[in-house]
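The structure appears below as structure tokens.
The values are calculated or read from the model by the stated rules, or taken from the named source; none is laboratory data. Everything quoted here is computed from the prediction, not taken from an experiment. Ideal geometry is used to build each Cβ from the backbone, glycine not excepted, and the neighbour counts take in all protein chains shown. The area values use the complete protein model at the heavy-atom level, side chains included, leaving out ligands, DNA and RNA. Shrake-Rupley method; radii C 1.70, N 1.55, O 1.52, S 1.80 Å.
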Amino acid sequence: MSEPKLLRKPLPPKEEIELYMSKRKGREEKMLEEKNTLSSLVPHISEGAIEEGSQIVEERKQKKKKRVAYEEPDMDFGVSLVSGTGCTRFSAKDEEKILMTNAEMAVLCCLMHKKTGLSLKAFFLPQLPDLSPLADFLVYLNLSFNDLHDFPREVLNIRTLEILKLRNNPIKFIPRDIYKMKSLKVLIMSFNLLTALPSGLFELSNLEGLDVSYNELEFIPKEIGKLSKLTYLNVEGNFLYVLPCGILELPLTRLKVENNFLHPYFWGEVSQLQPQRLTDMAALCFAKNNLWEKYKEIPSDTEELLQNFTACSCCQGFLYGEGLQFIRVYRSIYGLRLPYLFSACSPTCFTDFVSQTVPA
């Protein structure tokens, strides 16, 4: 049996080869024509720039092949491919101007539309824009999450303001002039740096809500009891060991006192009676016996001492100095036993009060 012969594909005829070469030549001429047309449409890119760009691409390919460690990319190609700037860096002064401009636009919008509420929350303002145009009708003002180091005294002139929010600002004190805001109903100053509350705050007879949580308060004056309409009080996150007895006089529906030092462990230290000063005891004797009628001429320094008194927590009489401070434990509106600080004007007053009252 003979071996099978290998089949070979016959060579194409000469005419087909010539036809294929002509078609290929036509395609090359067409590509050259398109290249010339593209060059005419983009005249601003020179041949040198194209060669430089090709060289950069080739260098990058070689770097990828070497697999070297990460390097900061070279952004200076020598050829401007995009017009305009992607990001503009502003100086600190420029940033403050931009923030202030945004705040001024918000005030202008509020003025144009006669809006009674204005929110400048999270504008990161070191100071406020002019709010005087809104002084006759603004009711709500939110200044939370800014960079206000001082209480904004501009708001004291807004007599119609009812809600003021100053949360998350590095404010260290509240001015006594806050008593001018007679219409104020809600004051929120949580997460600030307050160390004390001024007496003027307790003259706001219309105040219904007060939030001074997460500050640095170690003491709250008993004059807080003057806020006869206060129903919400938040003093969380401070350094309080006791609460003022004035809180017991308030019509509170919500009282928040967590994250303070109000645990019974500290009650023994706070409840220790300290002796009164002889000067305070003498002034109390003078006032109780009404010796003003007998002594018509009193030295000025003595007169100043006699006029500097508060109300006794037990008998509501004259109290000079701190008096005899002691704590009594009462149940709060939530059933929690909390320590309240009292101040007696004399040992007799203290004895009578303790014998007549039974703590909860």
* Asked: Can you give the accessible area of E293, probe radius 1.4 Å, in Å² rounded to 10?
  -> 130 Å²
* segment 311-320 - phi-based ³J(HN,Hα) in whole Hz, Karplus 6.51/-1.76/1.60, Gly and Pro as x -> 8, 5, 6, 9, 10, 6, x, 5, 10, 9
* Are there trypsin sites (Lys or Arg not before Pro) in segment 266-360 that DSSP puts in a loop and that have at most 15 other Cβ atoms within 10 Å, and which ones? -> R277, K294, K296
* How large is ³J(HN,Hα), in whole Hz, for each residue of segment 118-124 in order, when computed from phi with the Karplus curve 6.51 cos²θ - 1.76 cosθ + 1.60 and θ = phi - 60°, using x for Gly and Pro? -> 9, 10, 10, 5, 6, 8, 6
* Given a cut-off of under 8 Å on Cα pairs at least six residues apart, what relative contact order in percent is computed for segment 245-360? -> 27 percent
* Asked: Using θ = phi - 60° and the Karplus form 6.51 cos²θ - 1.76 cosθ + 1.60, what ³J(HN,Hα) does each residue of segment 222-235 get, whole Hz, x for Gly and Pro?
  -> 5, 5, 4, x, 6, 7, 5, 9, 6, 10, 10, 9, 10, 10
* Asked: Among K226/K294; K114/K226; K222/K256; K182/K288; K115/K180, which pairs are too far apart, with a Cα-Cα distance over 26 Å?
  -> K226/K294; K114/K226; K182/K288
* Considering only protein heavy atoms, what per residue accessible area in square angstrom results for segment 110-241 with a 1.4 angstrom probe? -> 44 Å²
* Asked: About the Cα centre of segment 221-285, what is the dipole size in debye to 20, counting +1 per Lys and Arg Cβ and -1 per Asp and Glu Cβ, all else neutral?
  -> 220 debye
* To do: Would you mind getting me the FRET efficiency between E236 and D301? Use the beta-carbon distance for r and R0 = 51 Å, nearest 0.05.
  => 0.75
* On a C-alpha basis, how far is the centre of segment 281-360 from the centre of segment 209-273 in Å? Whole number, if you could? => 20 Å
* So what's the projected area for segment 282-349, the Cα convex hull averaged over all directions, in nm²? -> 5.5 nm²
* **segment 144-183: radius of gyration and largest Cα-Cα distance (Dmax), Å** => 10.2, 26
* Could you pull out every residue, at least 5 positions away or on a different chain, whose amide H is within less than 5 Å of the one on N260? Hs are placed 1.01 Å off N in the peptide plane, and Pro or chain starts have none. => G237
* Asked: Along the charge dipole of segment 215-360, which of T348, F286, L230 sits closest to the positive end, that is, farthest toward it, with unit charges on the beta carbon of Lys, Arg, Asp and Glu (+1, +1, -1, -1)?
  -> L230
* Asked: What translational D, rounded to a whole number of µm²/s, comes out for segment 202-360 from Stokes-Einstein when the hydrodynamic radius is the Kirkwood one over Cα pairs, at 10 °C and 1.306 mPa s?
  -> 92 µm²/s
* May I ask you to list the chymotrypsin sites (Phe, Trp or Tyr not before Pro) in segment 275-309 that are in a DSSP loop and have at most 15 other Cβ atoms within 10 Å of their Cβ? => W292, Y295
* To do: With a bin width of 10 angstrom, please list the P(r) values of segment 220-297 as percents of all Cα-Cα pairs, from the 0 bin to the one holding the largest distance.
  => 15, 30, 25, 20, 9, 1
* Asked: How far, in nm, would the chain grow between N308 and T160 when pulled straight, counting 0.36 nm per residue and subtracting the alpha carbon separation?
  -> 49.9 nm
* Write out the trypsin sites (Lys or Arg not before Pro) in segment 188-256 meeting two conditions: DSSP loop, and at most 13 other Cβ atoms within 10 Å of their Cβ. => K229
* **Bins of 10 Å from zero: percent of alpha-carbon pairs in segment 130-265** => 13, 45, 34, 8, 1, 0
* To do: Quickly work out the S199-to-Y265 label distance, labels modelled 7 Å from Cα along the C-beta direction, and quote it in nm with one decimal.
  => 3.7 nm
